[in-house]
Structure formats: structure tokens, C-alpha cells
Amino acid sequence: MSRVLLVWELGLGLGHVARMLPLARALRSRGHQPVLALRDLAAVHALAPAREFASVQSPVWLHEVGGLPPPSNLAESLLRFGFHEPAALEAIVAGWLSMFELVDPALIVFDHAPTALLASKAFPARRALFGDGFCCPPATDPWPPYRWWESVPHARLKEACAHVARTANRVLDRFKAPELSTLSELYRADRNFLLTFQELDHYPMRAGGEYCGPIYADSGGVAPQWPLAGSQRLFAYLLPNATFFDSVMSALNRCGAAVLAYVPGISQRAKRAHSGATTSISEQPYDMRAIQEQCDGAVTQAGMGTASAILMAGKPQIMVPGFSERLMLSKRIEAQGAGIVLAPDASSAAWQRALKRLLGEPALRDNAAKFAQRYACFDPHCVIDRIAGDLHAMLQAHPPGAATMAQ
């Protein structure tokens, strides 16, 4: 039996935990001992029984770095999470190394965890990347822009990567670990499992890649109880602190469809204000498999798990991306002709037009159905089983005590 540490450092929502939990269960069934290090410990309790796995808080950057423009690529994002100067980064790396030493894993699985990846350069364990295209950037120098559909100065991208690499190398030197020759080496690992399809890769310019397909929780939530009013059914997954939340809920209440909304953390006052004859709101996640089967479309914030689950059901969606990675995914789904992208500040009239298209435009439904048919044999549970099998084989080939220093 080997101890396996599964780590999540950056990002929001339930998507990271939703794909981490089934992998942890599959590894446990093969005799290994999973330990979870999570950015948001509350997320695991929304999807798993209490204390199903040993879970600890990830070391995370809590401070705001001022004076930076909106990030143009992942390197500029990392400047906001401690990679701007060595002393700041060293503190978080030291926290990760303390955790590694306490848990003593033979294998570390990284889901959007750049600082943990850096710390692992100074720890003797096998390494595997596990995440969607955004969490696993392509091995290019420099890293490509987020907005690949726009023109971004190459010099800006290159300087950002060089700055982050210099900071990282100064920290690695302090921990007597090998330095990075390029920033892309930060993400070099024994395996890189891309949890997406090539058509949905956040980085369409990626050359190669081990595309496994998306993983999402399709069971375990509450059973959908649709409002009786409304001729069609719309599912919505929204965060109550989003700037557009009130306007979106108002538009949904007026669209004429029966709406089921999953809104984690919504106040009772807001829940009462936005519920009605055609709208029901839950603070608990719904059984996604039932939602996939029963809805006619969805409104999402373009999180990878929910957006891909809706697409795999052959249903169209409106996407309101609030972050770069979600905008990138939205653009990919839009390019498939299966979704509509709306800006967070979209007007009420724009929402009315988009909902009318979502509910009545055959091309959107047809394109979503064609995409789902292309991957009709895809099963996220089989993906988990295959990845767990590959990791099990890696651990058998390199049992505890036999791992070499990660390079």
C-alpha cells in the first residue's frame, strides 16, 4: 500500500473536488491510502460523507498583489499568488514541503497546484498532473496568451515567464533543488492526464497531449424537483456573489421555462426573492445525471465540470464566464456551435435574446447533440478507472522508498 497525496491549490467551485474524489476512491479500492489537500475544505463535504478521506487545508496565498494589469497568460496570474518575489514564494513552498514531509506520499497528484508543483521539486515522490487544459499549460516558452483569439505582444508573455522562472529558481536554490531551465518545466511530471477533449482544450494550439476526457460528478446530489409551471426546463448553476446574479435570476424568472438553480451559499432572503412559480433554488448540488437527462438547456458560469456535463448530454447552454479560464472554455464551446457566451455585464435585453435563442434555436440543440454523439461511448467512470490503474502501475514499479528525487 502507498500513500497518495491529491492536492488542489487554485480555483473555485466544486469541479476540482468532483473529479478528485472518484480518483481517490479508485486508488483506495486498489489498496492505496489517499490524503486530500484542498483549497476549500467545505467543498469535499458537499460531495462526500464526513471524513471519508483524511483532508487537510492546502497552503494558499492570501494576500493581494497590487499594481498589476489584468493577466495575459498563466505566468502573469502566478505573479498574483506569491510568484512575484522570492520571500513570498518561499513561505508557501515551505508550507507545502512541511505537508509533504508529514504525509510522506509516494505519489503526489496535482490539480491546479503550481506552488505545490514547485515544492515537489525538492521532495522525493512521483508526480502526476490531473486537470483540464487550463490547469496543465502546454510545454511552450513562453506560455501562450489566455485570449488566443486576440493579439498579445510576444515580449510581454516572454518577460512574464522569465520573471516567474527567476523567482522560482531563487526559491529552488534555497531548498537545494534543481533549477528550471524554462518555466514550462514547472509542469513536467511522470504523467499528465488532460481531463478534457481536444475540442475543449483551453489551449487550442497545444501540440499533442494525453486527452482523457472531462470528469464530473454525475450522481450523489439531491433529486431534481422541477416547478410544474413552464413548458421547457432550464438548469442553472450560479454563485450568489456574482455581480450579475440578480439580473440573471430576474431574466430566468421571466423566460417562461421551469428553472432549477443550484446556488451554493445563497442567503434565505435572496432565495425567497428569486424563487417563484417557475423557479426553484437549492443550496445543495443536484444529481447531475438526472439533470443531464431532464433539462432542455442550461445557464452556467462555464466551470469545466458543469459545462462539459451539459454538453455531453447534448444540451445547449448560455455561459457567463467570470474568469479567464472560463472565458477560454466558453469560446471553445461556442466554436462548436453549442453555446452562447454572454459578458457578466450583459444587458437585460441581451439576456432576453440569449434565452430566446437557447430555448428556440434548433442549431444550438443540434450542434450540442452532434458533439455528444461524437463521444457517445465516453464514460467518465472508465476514465477514472484507467487513470487509477496507470497510477497503481506506477506505484508498483516505484514502491515507497524507491522513488527518486523529482526533476
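Couple of notes before you dig in:
- For the chain: span of alpha carbons on each principal axis (Å, largest first): 64, 49, 42
- From the alpha carbon centroid of the stretch 125-193 to that of the stretch 227-306 is 37 Å.
- Extension gain, Lys158-Ala242: 0.36 nm per intervening residue step, less the Cα-Cα distance, totals 27.0 nm.
- Placing +1 on the Cβ of every Lys and Arg and -1 on the Cβ of every Asp and Glu, with no other charges, gives the chain a dipole of roughly 440 debye about its Cα centre.
- The angle between the Cα long axis of helix 86-103 and the main principal axis of the chain comes to about 90°, on a 0 to 90 degree scale.
- When the charge dipole of the stretch 273-407 is built from unit charges on Cβ atoms (+1 for Lys and Arg, -1 for Asp and Glu) and taken about the Cα centre, the candidate among Gly314, Cys382, Leu355 whose Cα reaches farthest toward its positive end is Leu355.
- Under 19 Å from Lys356, Cα to Cα: lysines that are on another chain or at least 8 residues apart: Lys315
- Cα-based reach from Lys370 at 20 Å (exclusive), listing aspartates and glutamates while leaving out same-chain residues under 8 positions away: Glu199, Asp201, Glu293, Asp296, Glu334, Glu361, Asp379
- Share, in percent, of DSSP beta bridges within the stretch 233-374 that are antiparallel, nearest 5: 5 percent
- Helix axis angle, 362-374 relative to the chain longest principal axis, alpha carbon, degrees: 40 degrees
- Projecting the Cα atoms of Val263, His398, Val65 onto the charge dipole of the chain (Cβ charges, centred on the Cα centre) puts Val263 farthest toward the positive pole.
- Exposure here means at most 11 other Cβ atoms within 10 Å; with GluC sites (Glu not before Pro) in a DSSP loop as sites, the longest stretch of the chain lacking them is 151-407.
- Each Lys and Arg Cβ is given +1 and each Asp and Glu Cβ -1; about its Cα centre, the stretch 268-382 then shows a dipole of about 240 debye.
- Computed [θ] at 222 nm, helices only, for the chain once each DSSP H run of length n ≥ 4 contributes -39500 (n - 2.57): -12000 deg cm²/dmol
- Three-way shape call for the stretch 92-219 based on the alpha-carbon gyration tensor, with the a/c threshold at 1.5: oblate
- By other beta-carbon atoms within 10 Å, ranking Lys158, Lys315, Lys176 with the fewest at the front produces Lys176, Lys158, Lys315.
- Cross-link reach list, lysines versus Lys121, counting only Cα pairs under 20 Å and skipping chain neighbours closer than eight places: Lys176
- Within a Gaussian network of the chain (alpha carbon springs, distance under 10 Å), most fluctuating of Ala258, Ala88, Ala42: Ala42
Every read-out reported here was derived from the displayed coordinates using simple, explicitly stated rules and does not represent laboratory data. No experiment lies behind these values; they were computed from the predicted model shown. Don't worry about glycine lacking a Cβ; one is built from the backbone with ideal geometry, like all the others, and counts go over all protein chains shown.
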